[in-house]
Amino acid sequence: MLSRRSFLHHIAAGAAASFVATPMLDQTLHAQTNGLRYLATAKNMFFGAATTEDRLRTDLSYRQAVLNECGILTAEYEMKWDRLRPTASTYNFVDSDYIVNFARQNGMLVHGHTLCWHRALPSWFSGTVNRNNAEQFLRDHIKAVVGRYKGQVYSWDVVNEVIQPSDNTPNKLRNSPWYQFLGENYIEIAFRAAAEADSAALLVYNEYDVEFDDTARTDAILSLLKRLQAKRVPIHALGIQAHIRSADAQKFSATMSTFRKFLNDVAALGLKIIITEFDCDDRSLPSNTQQRDEGVAKMYGDYCSVVMNNPAVIGFITWGISDKYTNLNTTAARTDRQPQRPLPLDSAMQRKSAWYALEWWFLNTSTRPRLITGLAEYSPLKTLECAPNPASSQTVLRFQVERAVHLRLSLVDAIGREIAELGDELFAEGEHQRMVDLANVAQGVYWCVLHSATDRSTVQIAVQR
Ligand code: GLA
């Protein structure tokens, strides 16, 4: 784990080394210090993009743009099951290793994508994985992948796209192979396995289409989050894919306030929010490049006006950094045959209006509490003390939480046995105190323990009779 200061130092040192190695040095010196990655870091946030290893290896101007702009990288394909699992019993980490090493050498974080999804499954999957072995397959995969990158992947999309109201399952879960094999339980299994393999990684549930007041979806997402939290499942953030379309501009304006409310509801659960795959499909905009770029930038700005204003949003990742490689040219080709322009940089790596919209928002958004580089530092528990009242058997337990968090409070004896539960509730951000009555407790040394989903904090109490 890196402290904020060493993290910044790490960025500076790593970046300097890579710039020396690139032939683009002269043209890009200026860009190196004002890239979005630095603007985000100044607000204790992160900005980055999805990339592929082959583009990083072979396209120097693209590689330079990634270095200039990105403080976090997502593997566009390289960490999906079909790329990591050539056979049921083997793993191939060559390409994902390249991205993780590139990020580490250049002071970038990595957002791991994705441990459990109904798509991008290998061809052997359907003939091999079944009800009886699915849990083992899922656990083994997560243990191997998260374990390999322990301490190197900042955040993981543990599950991707798990809600689908039209599938008509009881809790509106997607009727995916994982659901068919294991029921809703697979989600919990995946999160617990990820936490076991790397207790410092930020664990994310990644979902799409939450922007447009589709309450069947957003209610189902919120109830899933609450069910997971009630079971103490280690989940730390909601990822919002944010593949938006210029065609939805009016719809977005009309439903902005419900989207804002949804983000507040997620934040009220004590969860962080990451925009994980932003791009803007420009098919509804005219061929004219300038008009198109302005229309796209307007969507960036409108979207940011909602998400950047919510302090629970800690990062913004785009699905690619340059139009040169957007996958929308294959999945959403324009009828005028012009290439799509959905990303912050054009295909010559030049900044577009969309880039400037992001710049404006990073310059003007509030500074987040602090840069989160791992859950040890992410702990919401700030201070903890016990103030015994000498005149009675009561002790006041004082603590502060930095964000809303669900805590269980318990009293543990000197050899670690829990002897009383003192509380189990959602605490709002701020200071709290609880009275603990020790009248029925024998003389000795005890511990008050505060358990959150991700860590625990303890304070000693001596009981003298
Ligand atoms: C989803 C997935 C991504 C990617 C995109 C394609 O959002 O999470 O991995 O496949 O679709 O646009």
What three numbers, in Å, describe the spread of the alpha carbons of the stretch 205-358 along their principal axes, ordered from the longest?
51, 28, 27
Can you work out the accessible area per residue across the stretch 26-364, with the rest of the protein chains kept in place, probe 1.4 Å, in square angstrom?
37
What do you get when you divide the Cα radius of gyration of the stretch 221-279 by 2.2 N^0.38 Å, with N the number of residues?
1.28
Hey, got the Cα dimensions of the stretch 232-318 along the principal axes, in Å, largest first?
51, 23, 17
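Based on Cα coordinates alone, diagonalise the gyration tensor for the stretch 26-364, multiply each eigenvalue by 5, take square roots, and list the semi-axes in whole Å, largest first.
Numbers: eigenvalues 187, 113, 75 Å².
The three semi-axes for the stretch 26-364 are 31, 24, 19 Å.
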Tilt of helix 215-230 relative to the longest C-alpha principal axis of the chain, in degrees (0 to 90, nearest 10)?
40
Relative contact order for the chain, counting Cα pairs under 8 Å that sit 6 or more residues apart, in percent:
13
Treating the angle as unsigned and between 0 and 90°, give the value, to the nearest 10°, between the Cα long axis of helix 134-148 and the longest Cα principal axis of the chain.
80
Please compute, for the alpha-carbon atoms of the stretch 127-217, the extent along each of the three principal axes and give them in descending order in Å.
37, 33, 18
HN-Hα J couplings of the stretch 270-286 from phi, Karplus 6.51/-1.76/1.60, θ = phi - 60°, integer Hz, Gly and Pro as x?
x, 9, 8, 10, 10, 7, 9, 9, 4, 7, 10, 5, 9, 4, 7, 8, x
Ranked by accessible surface with a 1.4 Å probe, highest first, in what order do F399, F137 come?
F137, F399
What's the lysine pair count for the chain at a Cα cut-off below 22 Å, pairs eight or more apart or interchain?
20
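Could you tell me what a quarter of the Cα convex hull surface of the stretch 381-464 works out to, in nm² with one decimal place?
Values: hull surface 20.3 nm².
Its average projected convex-hull area is 5.1 nm².
Roughly to the nearest percent, how much of the accessible area of the chain is carbon and sulfur, given a 1.4 Å probe?
Accessible surface attributable to carbon and sulfur in the chain totals 49 percent.
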Where Lys and Arg each count +1 and Asp and Glu each count -1, what net charge lies around T258 among other residues with Cβ under 12 Å from its Cβ?
-1
Give, as a single signed number, the net charge of other residues whose beta carbon lies under 15 Å from the beta carbon of L39, with Lys and Arg counted +1 and Asp and Glu -1.
+2
Return the inverse of the average 1/r over all pairs of distinct C-alpha atoms in the stretch 31-133, which is the Kirkwood hydrodynamic radius, in Å to one decimal.
15.0
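Looking at the stretch 287-424, I'd like the Rg to Rh ratio, where Rg is from alpha-carbon atoms and Rh is Kirkwood's inverse mean 1/r.
Working: Rg = 25.2 Å, Rh = 19.7 Å.
We get a ratio of 1.28 for the stretch 287-424.
The values are calculated or read from the model by the stated rules, or taken from the named source; none is laboratory data. In this text the structure is predicted, and so the values were computed from the model without any measurement. Every residue, glycine as well, gets a Cβ built from its backbone with ideal geometry; the counts of neighbours run over all protein chains shown. Areas reflect the complete protein model, heavy atoms only, side chains present, ligands, DNA and RNA absent. Shrake-Rupley method; radii C 1.70, N 1.55, O 1.52, S 1.80 Å.
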